[in-house]
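The numbers here are math on the coordinates, done by the rules we state, and not lab data. These figures come from a predicted structure and were not determined experimentally. Here the Cβ is made from the backbone with ideal geometry for all residues, glycine too, and neighbour counts use every protein chain on show.
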């Protein structure tokens with residue numbers, strides 16, 4: 001006899017913003033009070049959000065000012081973790097492609113942003129689950145080739 005699965009107290013989303021050509025990943029550095037770590041766009045799903053996608057679009061607008069995207073797709077990457085309150089939270093990752101390189105309008109959560117090549121983005125991401133989600137995105141993209149013919153998209157960094 002099995003018990004009920006643990007109740008999820010909070011749904012969360014994160015968005016990995018990228019450009020295809022040349023491949024660049026947009027990361028954000030949190031302010032010192034929030035750890036000064038590099039992260040993708042992240043946020044809680046509010047009761048007023050109709051769906052995970054609605055929460056993602058709201059967070060993207062709040063944290064970057066971006067409202068138009070070339071494509072948005074789930075990465076089918078879901079992570080459960082304990083929130084600061086000790087309750088079980090669940091995080092859903094999305095790939096967010098832009099058509100052109102833009103500078104985000106930072107809000108009070110972040111102090112800096114950087115457009116990075118994939119290996120540097122993987123190196124800067126603080127959390128292992130963020131690196132795993134980004135690797136999932138990179139595996140979905142066609143590998144770009146440098147002039148030497150080597151792949152510039154890492155499989156495992």
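Within 10 Å of each residue's Cβ, count the other Cβ atoms and sort 66, 81 from fewest upward. Could you put the intermediate results ahead of the total?
Working: 66 18, 81 11.
Ranked by crowding around the Cβ, least crowded first: 81, 66.
Within the set [x] 13.6; [y] 9.2; [z] 11.1, the number that mean projected area of the Cα convex hull in nm² takes when calculated for this structure is listed as [z].
Applying 1/(1 + (r/R0)^6) with R0 = 22 Å to the Cβ-Cβ distance of residue 72 and residue 4 gives a FRET efficiency near 0.10.
Reported to the nearest whole Å, the Cα centre-to-centre distance from the range 95-125 to the range 43-75 is 16. Counting neighbouring beta carbons within 10 Å and listing from fewest to most, the residues 16, 57 come out as 57, 16. Exposure proxy shown here: for 38, 89, the number of other Cβ atoms within 10 Å sets the order, fewest to most, as 89, 38. The label-point distance for residue 54 and residue 80, in a model that sets each label 7 Å from Cα toward Cβ, rounds to 2.6 nm.
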